[in-house]
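Reading through the structure tokens given below for one structure.
What follows is calculated from the coordinates using simple rules that are stated; it is not laboratory data. Since we're looking at a predicted model, the values are computed, not measured. Don't worry about glycine lacking a Cβ; one is built from the backbone with ideal geometry, like all the others, and counts go over all protein chains shown.
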Amino acid sequence: MKPQKTYTVTEATQALEHFCAYQERNHKEVEQKLRNLNMIPEARDHIILHLLQNNFLNEERYAKAYVRGKFNQNKWGKIKIIKELKFKNISSYNIKSGLKEISEEDYLLTLEMLATKKSNLIKEPNQFKKTAKLATYLISKGYETELVFPIAKKLVLNKI
């Protein structure tokens, strides 16, 4: 078993600067990376303070990038995005700030597009079951039930 490499505070700081510069990170990810480098708590605090002061680590910027990415790439709804950001210990303020990245118009258009696409793939003759399947899919993507059911009903009932 080979011994694990040890890092000086300067080396670890540089490594974390690169880690944060590569893509947006949150405090939880940075803490974990520092633990993986076997840094003592005082060194971890010093490095995190340095990253914050030099704008390598910014949770509001992270939340905005996360929201944009998950909405634009994965087509997630707000509920799923909020749940995941809370899991990553992002503050309510930063979550609200991040959600402003999604325009209401884009949100509804994306929901309609997803619903239409999925509705065409569901091969269910019973319109109530088809509506339920479509609604379940959209809710699992993180969309609000009060938005999902009217769209699901409209799509299924107008096509059969």
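The table that follows gives values for the structure above.
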| item | result |
| --- | --- |
| Magnitude of the charge dipole, the chain, Cβ model with Lys/Arg +1 and Asp/Glu -1, debye to 20 | 980 |
| Segment 51-67 residues near the modelled Lys100 label - backbone nitrogen below 19 Å, point 7 Å along Cα→Cβ | 58-67 |
| Crossing angle, helix 127-140 versus the chain [Cα axis fit, 0-90 degrees, rounded to tens] | 10 |
| Rounded to 10°, Cα long-axis angle of helix 104-121 versus longest principal axis of the chain | 60 |
| Mean Cα-pair separation over length for the chain, i.e. relative contact order, pairs under 8 Å, 6 or more apart, % | 21 |
| Estimated FRET transfer efficiency when R0 is 45 angstrom, pair Gln127-Arg61 (beta carbons, to 0.05) | 0.50 |
| Cα gyration tensor category, rounded, prolate or oblate, for segment 9-53 with a/c compared to 1.5 | rounded |
| C-alpha long axis of helix 41-53 to longest principal axis of the chain, angle in ° | 70 |
| Computed [θ] at 222 nm, helices only, for the chain once each DSSP H run of length n ≥ 4 contributes -39500 (n - 2.57) | -23000 deg cm²/dmol |
